[in-house]
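What follows is a short report on a single structure.
The values are calculated or read from the model by the stated rules, or taken from the named source; none is laboratory data. Because the structure is a prediction, the values reported are computed rather than measured. Using ideal geometry, Cβ is built from the backbone for each residue, glycine included, and neighbour counts are taken over all protein chains shown.
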Amino acid sequence: MVMPNLLLRSSWRFFTRHPWQLGLTLLSIALGAAVMIAVDLATHSAAQSFQQSVNTLASPMTHEIKAVQGRIPDAFYRQLRVEWGYRASLPELELPLTIKGVHYRLLGLDPFAAALPASSLGALDAGVFTRLLTEADSVIAPTQSGLQRGQVIQAGERSFRIIALADLVQSDLLLGDLATVQGNTLGLSRIQLKLTAAEAQSLQARLPPHLKLESFAQQQAVFGQMTGAFNTNLLAMSLLAILVGAFLVYNTMTFSVLQRRQSFAITRMLGVTAGQLFRHLLLEACVLGLVGSALGVLLGVLLGQGLLVLVTQTISDLYVTVSPTDLLITPALAIKGSCITLVAVLLATLAPALEAARVAPVQVQRRSSLEQTNQSLSSKLALAGLVLIFSSALLMMSSGQQLVLGFTGLFLLIVGYSLLIPWVLRKLLKLLQRLNAQFAQAQWLVALALRSLEASLSRTSLAIIALTVAVSATIGVSMMIGSFRASVADWLKLTLPSDVYVSALSADASRVEGSLAPIWLERVKTLPELASLSTGFSTRLTVEGMPLPTLVLQPGAQSQRGFEFLQNTPSNAWQRFEQAEGILVSEPFAYHYQRAVGASVQLATETAGLIKLPILGVFRDYSSTQGMLVLPRGLYERYWAERGMSSLGLTLKPGTNPALVQDKLKVWANDLQSAEQSLVIRSNQEIRDNSLQVFDRTFAITHVLRVLVLIVAFVGVFSALMALFLEKGREFAILRATGFTPKQVQALVLGQAALLGLLAGVLAWPLGWLMSVLLIEIINQRSFGWTMQTYFFASIPLQALLLAVIAALLASLYPVHRIGQFSIREGLDGR
Amino acid sequence: MVVRFCLFCLILLLAGCDKKSESVGMDLNLALGGIPEAGFARALEPRLFEFPKEHAAHPEFRNEWWYVTGNLQTEAGRHFGYQVTLFRIALSPQPPDNPSIWASNQVWMAHIALTDVEGHQHLHQQRLARGAAGLAGQQMQPFKVWLEDWQILGQDNGEFPWTVEVAHAEFSLKLKLQPEKPVVLQGNQGLSQKSSAAGNASYYYSFTRLATTGLIHYQDQDLQVTGSSWLDREWSTSALGKDQAGWDWFSLQFNDGQELMFYQLRKTSGAADQAHSQGKWVAADASTQNLSLKDLQLKPIDYWQAENGTQYPIAWELHYPAIQGHWRIEAVVEDQLMVTRVLYWEGAVRVKELGSGKVVGRGYLELSGY
C-alpha cells in the first residue's frame, strides 16, 4: 500500500497548496447540486401541500363528494349515510379566513362521523372538546400558526373565537365543529368517504347530477398532470445547472491533472501503475464529489426554502391554490441529488484521468504533446457535436407532444454545440492572429496575448464552454420570456374589450369565481353612460372527466372583439356561438385534448348527465394552461340550474371617463353586496397591469434559476481563469525578466480575460438564439399548449456579452493584483 | 338499572386511562364523561310518572337510556340473547345558540349485541352521532328513538307495541315487543338512589316482561324467533359516589312468571355497598317487593378471564331465603364482553335451581368496573 499512500499524500499536498482551487471546485459542485436538490425539494413540498389540502386531515378516507356548483345540501348527508348506508363518511365545511393579510382555512367537521387520526385533532382535553361542540363560536388553531388563544377572528359578518391551540396537521388550518362553522349558512363543502373501487362505482351511479364523486388519487393525478409541465421546466433548469457544473468539474480536473503532470511522472517512475493512477484520480473525484454534494445538500435546503415560496405562488397563480407550507426535507431527494452530482463529477473526471494514466512518464514532462492531442481531438469533438445537433433536430421533429423528449433534444443541442466550441475557438484565434498581423500593424502585445491564449486552450476552452452555455441559457430564456410577455400583453389588450369590469372574487380571492347579487344587473342597466353590457359566470365544469375552468358568457355587442380565433375557425363561429349552437375552446385545450373545430367535447351536466357539445372555434388564451371553455349562457342554462353571474363587463359610451363610472359602482357595491362576498371593480387597464404582474411573478422562479446557473458558471470561470493565470507565474516572470513592466503584464492578463469573455459571449449568441426558438416553438407549446409570437430584443444579447466579459474580468482581478506584487526570481523558480 | 348510567359515566372516564388510542375516540370519551353537572336537573325526590309520556327523552337531565335485553329462541329451540341500547348524553344544559341544523348539545350512542348460544358467539357493535341533522334523536309522533338506522319504533304517543330494528353487516334484528306486565317503578316510586349525596340518583322504570316475536338475520339465514325481553328506562345527572367502583346487575325472568332486578354496587375497596345495593322482586301477579342486601345472599362462584387479564364473575349463587329461592346464575357464553369505547361485560344468563340443576329462568347480567 506504499504507492496509493504516496498518491494520497501527493493529492493532499496539491489541494492544500491550492486552497482557492479546491474551494472553488467544491463550490461549483455544491452549487450545481444545490440548485437541483432545491428545485426537487420545492416541487415535492408543493405537491405534498396540495395532497394535504385534498385530504385535509390525513384521514383514511379515499374519496370525496362535492357539489358541481356551490355546496352540498345538508340533507344529502343523511341520505348518503343512513339510507344508502355509506357509513365511512365525514361531512366537512371549509371557510377561507384572512387574518391580518394571512390566508387561513377554517374547517368544520362532525367528530362523531368517523374515527379521525389523533394527529389531526391534536391532543385536545375534554373541556376544549366539549366547548367546541357546545359553544356557537369556538374554534381551535394550530400552535404553529402564530394565532393566539382568545383571539377573535372576523369572517364577514361572523366571528369565531380561538379557545385553544393544538398541534394540527397544517399550519393554516383552523378546526371547529361543523355546526359552528356553518352557523346561519347552509350546506357542506364536501363529504369525505372511504370506499373500495366497487363501492365508488355503485355510488357514482346513484349520485344526483348536481353532485360529483372524486377520488383523492384522481385529484392527485389531476394535480400531477397540471403541474407536470411546470415541474419538468424547473427540472430542466436545474439539470442545466448540473450540466454547467459538470463542465466545470471536467475543466478543474483536467487542469489539476495538467498542473500535476510532473508529480504524476515521478510517481509513475517510482512504480505506480497506470491503473493505480487512474483509480486514484477517480477516488479523488469521488471525495470531491461527496464533499461537494454534502455542501450542496445544505445549500439546497436553504435555497429550497426560498424556491418553495416561488413555486407555491406560481402553482397558485397558474393552477390551483396551494397553501404555503414548510419545506419537506426528504432524505431520498437529497440522496438522489447527491448521486446525480457524483455521477456527473465522475463522468467529468473520466477523460482527464484516462489521459493522465495513459501517457508515458517521459511524455508527461512535455505539455506540447497534450496540446497536440487536443488539437486533433478538437476536430473529432466538433464532428461529434455536429452529429448531436443533427440528432437533436431529428428528435425534436419526431417526438410529437412529448415534453421530456423536447427537453432531451434541447440538451442534445447544448452538448453538441459545446463540443463544437474548442474547434471554433481554435479557428477564431487563428483568424484573429491573422487579422492582427494584416490590419493592426502587427500589435506585438495583441499577438502575444492571442498566441498565449491559443497555447493554453486545453485549459481555457472548458471554462469558455461553461460560460457560453450559461450565457446562452440567459439569452434563450430571456428571449422566450420577453416574447411570451409581449404576446400576453397583446392578448390582454384584445381580450378585455369592455371598459370596466365588476367581478366577484372567490374565497381564495385570486379567481373570479364568486357570485354577484342579481340586482347588480338591473342597477347597472340604469347607468346613462352604458353603451353595452356583457355578463360572465366563471365556474369549473367536469369536461372529459376533468375539472376545467369555464366561462359562461352572455355576450354584449363588444364581446366578439375579445376573442382572437385561431386554427381555421370559420368566420361564422361567433354567430353560431351567439345562437348557443356550441362552445368555444382555448388553444391549450385544443392542443392537450387534440380537438379541432367541429369535434365535440364531453361535459358532465346537472340536469342531463353526460352530453357532447360541438367546438365552434378555438381562441388564443394564456389564462389557463389546462385550457378553458366558453359556453353561451343559453346553452348553460339548458343543462345547469345555477343562474348566477360572477362578472359584468361594461362598455361605456365614447367620451365617458371610466374612473367616474368606477367610483359610482364602488358606491353601489357598499349596499348591493353582502360583506362575505368580496368584489373588485376594475378598468380593463387595471386588469391588464394586474395580469402582467401575475405573469412576472410566475416567471420569478425562472429568473432565479437562470441567475443560479450563471453563478455556477461564474464560479467555474473564476476558478479556471484564476488558476490559469496563477499557473502562468513562470511565463510572466520571463516576460518581466525580458523587460515587461508589471503594468504591461497586468494589461496582458486583463486583455486575455476580456478576450475570453468576449469569445464566450459571442459564441453564446447562436446557441442562445437557437434555445429561444426551441423554448418558444417546442417547449412552451408542449408544456402549456399555447403558441406565441417570437420577438427580438436587441438588448438581451448585448447584456449577455457584457455579462460574459465582466465575469471574465472579475475572475482575473486577483491574479492581476498578485502580478503587481510578485518577485521575478521566485516566479522563475516556479514557486 | 341506574347502573347503566354509572356504567356509562364511570367507564367513559376510565377509558381515558387506556393506552393512547389511535383515534379521536379517547377524546370523545373524555368529553362525554367530563361534562359538569351544573345547570342540569337532578333527581332529588320522587316524581309523578305519566305513561306513555315518560318514554320521551328528558333532555334537562344529563344522561338517559332506552335499554332492551332479551332471550329468544327459534322454533327448533336455538337460543339467542340480544341487547339494543340507545344512550343520550347532553354536553351542556342548554342547546348552543346556533341556527345550523348540525347544532345540538345532545350526543347519542348505541350498542347492539347478539349472543348465539349454540354457536358460542357474541357479536356487538357501537355507533355515535350528534342529535342533529336527522342523524339521531327521539320523537313521539309516532314514537321513535334512533341513531341512524338503528331504531326503536312505537305507536303514536309512545304506545306499545314497539319494534326494535337494528342492522349490521354481521346480523340484524327486527323484533316486536308487547308488555305482558305493567310498568315497574324501581327504587322509591321510581327514584333510585345510587349513593348518599342528594341528587346522586336517577329516575328509573322497567317493563320486566315483554312478549317478543320477530326475525333475526344471522349467518345468511332469516330466523323466526319468539321469547321475552326486558326494557329499562333511566335518566339522571349524577349517581355514583367517589368510593364506588362498579356494579353487578341482574335482570332475571323466571319460568313461573316472576322477575328479579338486583344491582350490587361495589366499593373501591372491593366490598359490596350494603347501603345502596338494591333491587325489586316482581311476582306473577305484578305485585312488587323492594330488596336490599339484607334480603339476599349473592356470591360469585366462577370467573372468565378476558384477554387483558381481567377476571369477570360470570357465574353466581343467589339465595333469597324469604321464598326459599336458591339459584345458580351462569353465562350462556363466557365471552360476552362489550369491547366498545367503554369496556364492560353484558350477556345472557340462565338460572338453574341449586340441587336439581333444572333451568328455571333466563336473564341478563351486567358486570362493570372490573
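A few notes on this one:
- The numbered conditions (1) surrounded by fewer than 22 Cβ atoms within 10 Å (Cβ to Cβ); (2) within 14 Å of chain A (Cβ to nearest Cβ); (3) in contact with an Asp or Glu (Cβ under 7 Å, 6 or more places away or on another chain) are all true for residue B:123 except (2).
- Filtering the range A:186-221 to residues that are touching a Ser or Thr at 6+ places or on another chain (Cβ under 8 Å), farther than 16 Å from residue A:68 by Cβ and not aliphatic (A, V, I, L, M) leaves A:192, A:194, A:215, A:216.
- Of the residues making up the range B:220-242, those that are exposed (fewer than 15 other Cβ atoms within 10 Å of the Cβ) and in contact (Cβ under 8 Å) with a residue 40 or more places away in the chain are B:224, B:226.
- Selection over the range A:340-360 of residues that are surrounded by fewer than 19 Cβ atoms within 10 Å (Cβ to Cβ) and not in a helix (DSSP H, G or I) gives a count of 1.
- Residue in the range B:194-212 that is modelled with pLDDT of 95 or more and in contact with a helix residue (DSSP H, G or I) (Cβ under 6 Å, 6 or more places away or on another chain) present: yes
- Residue in the range A:560-576 that is closer than 14 Å to residue A:636 by Cβ and assigned to a strand (DSSP E or B) present: no
- Qualifying residue in the range B:272-283 (condition: in a strand (DSSP E or B), over 23 Å from residue B:183 (Cα atoms) and not hydrophobic (A, V, I, L, M, F, W, C)): no
- Residues (free of Cβ contacts under 8 Å to residues at least 60 places away in the same chain and out of contact with any Lys or Arg (no Cβ under 7 Å at 6 or more places or on another chain)) located in the range B:243-259: B:257, B:258
- For the range B:138-148, taking the residues that are crowded, with 16+ Cβ neighbours inside 10 Å and without any contact (Cβ under 8 Å) to a residue 40 or more places away in the chain, the one that is farthest from the other protein chains (Cβ to nearest Cβ) is identified as B:144.
- When residue A:192 is tested against (1) surrounded by 20 or more Cβ atoms within 10 Å (Cβ to Cβ); (2) at pLDDT 75 or above; (3) part of a helix (DSSP H, G or I); (4) not small (Gly, Ala, Ser), exactly one condition is not met: (3).
Per-residue answers, yes or no, for (1) of a type in the set (A, V, I, L, M); (2) under 23 Å from residue B:116 (Cβ atoms); (3) surrounded by fewer than 21 Cβ atoms within 10 Å (Cβ to Cβ):
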residue	(1), (2), (3)
B:325	no, no, yes
B:328	no, yes, yes
B:335	no, yes, yes
B:345	no, yes, no
B:352	no, yes, yes
B:356	no, no, yes
B:366	no, yes, no
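- Residue within the range A:368-385 that is at pLDDT 75 or above and at positive phi present: no
- Condition check for residue B:286: of a type outside the set (D, E, K, R) and part of a loop (DSSP other than H, G, I, E, B): yes
- Listing of helices (runs of 4 or more DSSP H) fully contained in the range A:589-708 that carry 2 or more residues being surrounded by fewer than 18 Cβ atoms within 10 Å (Cβ to Cβ) and over 33 Å from the mean Cα position of the chain (by Cα): A:633-639, A:658-672
- Comparison of A:264, A:278 shows that the only residue that is at pLDDT below 80 and in a helix (DSSP H, G or I) is A:264.
- Residue identified as under 27 Å from residue A:564 (Cβ atoms), modelled with pLDDT of 80 or more and not small (Gly, Ala, Ser) among A:505, A:533: A:533
- Qualifying helices (runs of 4 or more DSSP H) (wholly inside the range A:722-820; at least 1 residues being closer than 21 Å to residue A:429 by Cα): A:729-737, A:742-774
- Residues in the range A:144-193 that are charged (D, E, K, R) and over 24 Å from residue B:101 (Cβ atoms): A:149, A:167, A:172.
- Spans of strands (runs of 3 or more DSSP E) in the range A:69-187 with at least 1 residues at pLDDT below 90, within 26 Å of residue A:642 (Cβ to Cβ) and away from every other protein chain (no Cβ under 14 Å): A:89-99, A:102-109, A:152-155
- On the stretch given as the range B:90-110, residues that are over 22 Å from residue A:90 (Cβ atoms) and more than 7 Å from every other protein chain (Cβ to nearest Cβ) total 4.
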